[in-house]
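Chemist: Okay, here's the structure, questions in a sec.
The values are calculated or read from the model by the stated rules, or taken from the named source; none is laboratory data. From a predicted model like this one, the values you see are computed outputs, not experimental measurements. Don't worry about glycine lacking a Cβ; one is built from the backbone with ideal geometry, like all the others, and counts go over all protein chains shown.
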Amino acid sequence: MITPPIATAELERLERATADLDPPFALVDLDAMWANADDLQRRAAPKPIRLASKSVRCRALQERVLAREGFRGTLAFTLPEALWLAGHGFEDILVAYPTADRAALGELVRLPAERPRARVTVMVDSVAQLELIDAALRRRGDDPSSSFAPVRVCIDLDAGYRALGGRIMVGAKRSPVHTPAQAVALARAILARDGVKLVGIMSYEAQTAGLGDAPSGRPLRALAIRAIQSLSARELAVRRAEVVEAVRELVPLELVNGGGTGSLERTAAEPAISEVTAGSGLYGPALFDSYRAFTPRPAALFALPVVRRPGPGVATVLGGGYLASGPADAARLPVVHLPAGLRLDRREGAGEVQTPLLGRVADGLAVGDRVWLRHAKAGELCERFASLHLLEGERIVEEVPTYRGEGQCFL
Ligand SMILES: Cc1ncc(COP(=O)(O)O)c(C=O)c1O
């Protein structure tokens with residue numbers, strides 16, 4: 001929460017810099033984003049950060065982040081996205097979620113061996129995904145005139161926490177591979193196949209990296225979250241090390257990836273981890289306001305125009321229903337950033353075409369004024385806007401396309 005004098009100065013700066021723009025539009029405050037990047041690097045050090053592209057969804061910004069010392073490689077969210085990025089010169093792309101896209105796999109198996117730096121790696125957590133890769137390799141057949149790169153695969157290890165013999169399970173329902181024995185069995189299945197190469201292990205601890213440990217106004221929930229996070233982190237550090245050691249006995253691994261914005265320092269401290277992932281912390285969306293270890297600056301904002309004043313204490317803005325994915329609760333709604341003191345109407349929420357905002361502050365707003373909001377999550381904002389206006393100090397210095405603005409819609 002920003003204090004009133006700072007809020008007023010910040011609102012004036014935003015208004016001055018964007019006076020020529022007509023809302024709705026989205027903006028990234030580069031000063032805030034680079035301060036956030038510094039903080040992510042500090043928290044991850046000495047481990048490099050793989051950039052979670054789903055949390056940025058803007059190629060121009062991803063390129064600039066990856067040019068920084070401390071960031072290395074992309075964690076992509078679909079294989080078509082990874083191939084598109086590779087086509088634009090991105091290197092070392094790890095696709096974080098398994099794919100069943102036959103056309104994209106067909107393209108992957110035809111990546112030429114002479115572009116090894118593109119290094120697109122796909123995620124597997126069972127033999128079923130290996131079968132799909134095999135099918136793509138069979139469709140390709142052998143073409144003696146070309147030399148193809150082997151398909152690089154990474155094992156997704158479940159990072160969930162299990163207690164009472166599995167009766168209590170905490171964490172996202174992701175990979176079925178949980179134990180060292182299961183990881184070794186899958187590694188053996190990979191090594192037994194032609195045309196594929198096992199290069200790494202990834203495990204994402206959603207229950208610590210993506211869940212704030214200081215939810216506002218909920219002290220008991222905060223205590224419960226902290227207790228479970230600490231148990232889970234300790235268990236995972238031991239299990240992850242065992243899995244990595246067991247698989248390394250079969251094959252050398254290039255990468256062991258873990259973590260996310262919310263867990264950087266804890267995950268990076270594990271000796272078995274070679275790199276951590278982060279993305280959301282750059283934009284600093286609303287769901288990342290509730291962590292004790294760090295406070296990102298709000299860097300990604302969107303402005304909506306006030307289009308009517310239904311009565312005292314209400315100003316209605318155009319659009320606004322940009323909800324975040326996840327369990328459909330109030331935390332998925334956008335939050336009003338500035339002017340401070342406005343809130344959503346509980347009955348109407350954030351609307352498809354208009355959003356009433358309540359509070360005494362509304363009486364100071366006229367038709368044509370703007371309200372600044374933040375998305376609950378990071379990259380999803382870019383599915384709503386074709387471009388991002390980049391703010392530096394007092395000026396908009398550039399407008400860059402989002403994935404959507406480049407005509408790309410991966411998920
Ligand atoms: C596999 C994986 N790694 C890391 C992350 C963390 O990304 P962020 O830093 O954007 O929260 C996520 C987010 O969902 C993820 O799915």
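Chemist: Specify which of the listed residues (Ala227, Ala222, Ala206) is closer than 18 Å to Val95 by Cα, at pLDDT below 95, small (Gly, Ala, Ser) and out of contact with any Ser or Thr (no Cβ under 6 Å at 6 or more places or on another chain).
Modeler: Checking each option against the conditions leaves just Ala206.
Chemist: Please enumerate the residues belonging to region 15-51 that are among the hydrophobic types (A, V, I, L, M, F, W, C) and touching a strand residue (DSSP E or B) at 6+ places or on another chain (Cβ under 6 Å). Break it down stepwise before answering.
Modeler: Taking region 15-51 first, the residues among the hydrophobic types (A, V, I, L, M, F, W, C) are 17, 19, 21, 25-28, 30, 32-35, 37, 40, 44-45, 49, 51.
If the condition is that a residue be among the hydrophobic types (A, V, I, L, M, F, W, C) and touching a strand residue (DSSP E or B) at 6+ places or on another chain (Cβ under 6 Å), then Ala17, Phe25, Ala26, Leu27, Val28, Leu30, Leu40, Ala44, Ile49, Leu51 are the ones that fit.
Chemist: Mind listing just one residue for me: the one in region 279-299 that is surrounded by fewer than 24 Cβ atoms within 10 Å (Cβ to Cβ) and among the aliphatic types (A, V, I, L, M) and, of those, nearest to the ligand (Cβ to nearest atom)?
Modeler: Taking the candidates together, the pick is Leu287.
Chemist: What about Leu79, is it of a type outside the set (S, T, N, Q) and touching a residue at least 40 places away in the same chain (Cβ under 8 Å)? Steps first, answer last, please.
Modeler: Details: of a type outside the set (S, T, N, Q): yes; touching a residue at least 40 places away in the same chain (Cβ under 8 Å): yes.
Considered against the rule, which asks whether it is of a type outside the set (S, T, N, Q) and touching a residue at least 40 places away in the same chain (Cβ under 8 Å), Leu79 comes out as yes.
Chemist: What are the pairs with Cβ atoms under 7 angstrom where one residue, in region 254-276, is of a type outside the set (Phe, Trp, Tyr) and the other, located anywhere, is near the ligand (Cβ under 8 Å from one of its atoms) and at pLDDT below 95? Sequence gap at least six, or different chains.
Modeler: Matching pairs, first to second residue: Gly259/Ala209; Gly260/Ala209; Gly260/Gly210; Thr261/Ala209; Gly262/Ala209; Gly262/Gly210; Ser263/Ala209.
Chemist: Sticking with this one: Select from region 308-335 the residues that are aliphatic (A, V, I, L, M), touching a helix residue (DSSP H, G or I) at 6+ places or on another chain (Cβ under 9 Å) and at pLDDT 95 or above and list them in ascending order.
Modeler: Within region 308-335, Val314, Ala315, Leu323, Ala324, Leu333, Val335 qualify.
Chemist: Next question, about the same structure. Give the residues of region 244-265 that are in a helix (DSSP H, G or I), away from the ligand (no atom under 16 Å from the Cβ) and either in contact with a helix residue (DSSP H, G or I) (Cβ under 6 Å, 6 or more places away or on another chain) or of a type in the set (Asp, Glu) (or both), sorted by residue number.
Modeler: Once the filter is applied, which keeps residues that are in a helix (DSSP H, G or I), away from the ligand (no atom under 16 Å from the Cβ) and either in contact with a helix residue (DSSP H, G or I) (Cβ under 6 Å, 6 or more places away or on another chain) or of a type in the set (Asp, Glu) (or both), region 244-265 yields Glu245, Ala246, Val247.
Chemist: Let me spell it out: the conditions are (1) away from the ligand (no atom under 16 Å from the Cβ); (2) without any contact (Cβ under 8 Å) to a residue 24 or more places away in the chain; (3) assigned to a helix (DSSP H, G or I), and Gly89 meets all of them except one. Which number is the exception?
Modeler: So the condition that Gly89 fails would be (3).
Conditions tested, residue by residue: (1) of a type in the set (Asp, Glu); (2) touching a Gly at 6+ places or on another chain (Cβ under 7 Å); (3) within 16 Å of the ligand (Cβ to nearest atom).
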residue: Glu15; (1), (2), (3): yes, no, no
residue: Asp22; (1), (2), (3): yes, no, no
residue: Ala26; (1), (2), (3): no, no, no
residue: Met33; (1), (2), (3): no, no, yes
residue: Ala37; (1), (2), (3): no, no, yes
residue: Gln41; (1), (2), (3): no, yes, yes
residue: Ala52; (1), (2), (3): no, yes, yes
residue: Cys58; (1), (2), (3): no, no, yes
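Chemist: Mind checking which residues of region 375-391 are assigned to a strand (DSSP E or B) and out of contact with any Ser or Thr (no Cβ under 8 Å at 6 or more places or on another chain)?
Modeler: Listed by number, the list holds a single entry, Leu390.
Chemist: Restricting attention to region 279-301, does a residue exist that is small (Gly, Ala, Ser), modelled with pLDDT under 95 and in a loop (DSSP other than H, G, I, E, B)?
Modeler: yes
Chemist: Here's another thing I want to ask about it. List the number of the failed condition for Thr74; all other conditions in (1) in contact with a Ser or Thr (Cβ under 7 Å, 6 or more places away or on another chain); (2) in a helix (DSSP H, G or I); (3) not aliphatic (A, V, I, L, M) hold.
Modeler: (2)
Chemist: Of the numbered conditions (1) of a type in the set (Ser, Thr, Tyr); (2) within 16 Å of the ligand (Cβ to nearest atom); (3) part of a helix (DSSP H, G or I), Ser230 satisfies every one except a single condition; which is it?
Modeler: (2) is the only condition that Ser230 fails.
Chemist: Identify, from the list Ala268, Ala272, the residue that is away from the ligand (no atom under 13 Å from the Cβ) and either at pLDDT below 95 or not charged (D, E, K, R) (or both).
Modeler: Result of the check over Ala268, Ala272: Ala272.
Chemist: Can you work out which of the residues in region 148-167 that are touching a strand residue (DSSP E or B) at 6+ places or on another chain (Cβ under 7 Å) and either closer than 13 Å to Gln229 by Cα or free of Cβ contacts under 8 Å to residues at least 24 places away in the same chain (or both) is surrounded by the fewest Cβ atoms within 10 Å (Cβ to Cβ)?
Modeler: Arg162
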